[in-house]
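The values are calculated or read from the model by the stated rules, or taken from the named source; none is laboratory data. Not measured: the values here are computed from a predicted model. Note: ideal-geometry Cβ built from the backbone for every residue, glycine included; neighbour counts use all protein chains shown. With ligands, DNA and RNA removed, areas are computed over all heavy atoms of the protein, side chains included. Shrake-Rupley method; radii C 1.70, N 1.55, O 1.52, S 1.80 Å.
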Amino acid sequence: MKGLYFQKSSTNEEITFVFQERENLPVIEDNYVKLQVKACALSQINTKLLAEMKMEKDFFPVGREIAGIVLDVGSKVSFFQPDDEVVGILPLDSEDPGLCEVVRVHEHYLVHKPEKVTWTEAAGTIRDGVRAYTALHYLSHLSSGKSVLIMDGASALGMIAIQLAHHRGAKVISTAGSLEDKQCLERLRPSIARVIDVSNGKAHVAESCLEETGGLGVDIVLDAGVRLYSKDDEPAVKLQLLPHKHDIITLLGVGGHWVTTEENLQLDPPDSHCLFLKGATVAFLNDEVWNLSNVQQGKYLCILKDVMEKLSSGVFRPQLDEPIPLYEAKVTMEVVQKNQGRKKQVVQF
């Protein structure tokens, strides 16, 4: 039985993905479940976070968003039984790669998969669903009537965030980085209030948002990265597609919430003063926040269940690429790690 792992080079820059043979899993004990994996979605690996958490290994397991069938359960498992169809996200410290036929996982990282949801849909939606809920529900208190700016709305996360915001009755504005993305966003139903095409570098995000909101500014911003420095200090691609932090602060309304994916955000005293005058807040979207806090496990399971319910009811319609077989996972993972793909990639077993 093979599983996919990654290995960092001695310079800590290059990542190599390799298949390795795995021994048969030991007898399941306590609260663990043995799972036959039917689908596993691929996401970038945050090697910097792994280093900070002292989780580095010679070979680190790859693939965490999984859906599958329960084969066996431990003596203390209370939520599942053999033949149950489940979906979940393996924890950061999991010893098993999701890109493997059989894995072990604690029952508190799994929820039941609705019958009408396919394996690829379940695995391909679960992580972005958690991210969207964390950003819009827990960090910015989304509610009906609020205005929301979702940067890079045609991305996997952006699509789910837009659909969640629409479901909650919010007015959605989004940016598109290409003509294809713009057309994709304009086809969404219910329709987006405004799609801002930033592909040619001419559209001004702040001006467009203020115009759309009558000068009041938006209530919530979910960015996809921001520019922190002047034009001379930023790469050309980043200059073209990402707004400057000053633009985000300008377009925020009174009492607004800025949820950022920029982990190294730097705010100067004038930036902080402007946010203070608006009574606005900045929150950081950490994908692994639920993994790093065991006391929040109950809330985490509620999010997982709600994501599956909305996927089953059609509220969430994920942007998935065609499923790929396991033997193509190594090459596809290299593309995903370089952030060169748009749609969510899912390996189907």
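Yes/no matrix, rows are residues, columns are (1) surrounded by fewer than 19 Cβ atoms within 10 Å (Cβ to Cβ); (2) basic (Lys, Arg); (3) out of contact with any Pro (no Cβ under 9 Å at 6 or more places or on another chain):
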position	(1), (2), (3)
139	no, no, yes
148	no, no, yes
151	no, no, no
154	no, no, yes
161	no, no, yes
166	yes, no, no
170	no, no, yes
178	yes, no, yes
- Message: Taking the condition of being of a type outside the set (Lys, Arg), open to solvent by 10 Å² or more (accessible area, probe 1.4 Å) and either in the same structural domain as residue 220 (by the TED database) or part of a strand (DSSP E or B) (or both), how many residues in the range 96-107 meet it?
- Response: 2
- Message: Tell me yes or no: at least one residue of the range 319-326 is open to solvent by 80 Å² or more (accessible area, probe 1.4 Å) and in a helix (DSSP H, G or I).
- Response: no
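To keep it simple, each residue is scored yes or no on (1) within 26 Å of residue 191 (Cβ to Cβ); (2) assigned by the TED database to the domain that holds residue 99; (3) among the aromatic types (Phe, Trp, Tyr).
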position	(1), (2), (3)
290	no, no, yes
304	no, yes, no
307	yes, yes, no
313	yes, yes, no
318	yes, yes, no
321	yes, yes, no
325	no, yes, no
335	no, yes, no
339	no, yes, no
- Item | Candidates 63, 74, 88, 68 - the one that is in the same structural domain as residue 312 (by the TED database) and in contact with a Pro (Cβ under 8 Å, 6 or more places away or on another chain) | 63
- Restricting the range 329-349 to residues that are assigned to a helix (DSSP H, G or I) and free of Cβ contacts under 8 Å to residues at least 12 places away in the same chain, the one least open to solvent (accessible area, probe 1.4 Å) turns out to be 335
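So which residues in the range 33-50 are touching a residue at least 12 places away in the same chain (Cβ under 8 Å) and not in a strand (DSSP E or B), if there are any at all? Give the steps one after another, and end with the answer.
Taking the range 33-50 and keeping what is touching a residue at least 12 places away in the same chain (Cβ under 8 Å), we get 33-47, 49-50.
Residues satisfying the conditions are 43, 44, 45, 46, 47, 49, 50.
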- Item | Options 56, 65: the member that is farther than 24 Å from residue 126 by Cβ and either open to solvent by less than 20 Å² (accessible area, probe 1.4 Å) or in contact (Cβ under 8 Å) with a residue 12 or more places away in the chain (or both) | 56
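Check 76, 8, 48 and return the single one that is charged (D, E, K, R) and at pLDDT 85 or above. Show your work before the answer.
Details: 8 fails: at pLDDT 85 or above; 48 fails: at pLDDT 85 or above.
Result: 76 is the single residue among 76, 8, 48 that is charged (D, E, K, R) and at pLDDT 85 or above.
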- The residue that is surrounded by the fewest Cβ atoms within 10 Å (Cβ to Cβ), considering only those in the range 186-208 that are at pLDDT 90 or above and under 22 Å from residue 137 (Cβ atoms), is 193
- Task: Give me the pairs, please: first residue somewhere in the range 181-206 and on the phi > 0 side of the Ramachandran plot, second residue anywhere and assigned to a helix (DSSP H, G or I) and open to solvent by 20 Å² or more (accessible area, probe 1.4 Å), beta-carbon distance under 7 Å, and either six or more positions apart or on two chains.
- Result: 201/240
- Has the range 9-32 got at least one residue that is open to solvent by less than 90 Å² (accessible area, probe 1.4 Å), touching a residue at least 60 places away in the same chain (Cβ under 8 Å), among the basic types (Lys, Arg) and farther than 25 Å from residue 302 by Cβ? yes
- Task: State whether the residues of the range 309-318 include one that is among the basic types (Lys, Arg), in a helix (DSSP H, G or I) and either in contact (Cβ under 8 Å) with a residue 12 or more places away in the chain or open to solvent by 60 Å² or more (accessible area, probe 1.4 Å) (or both).
- Result: yes
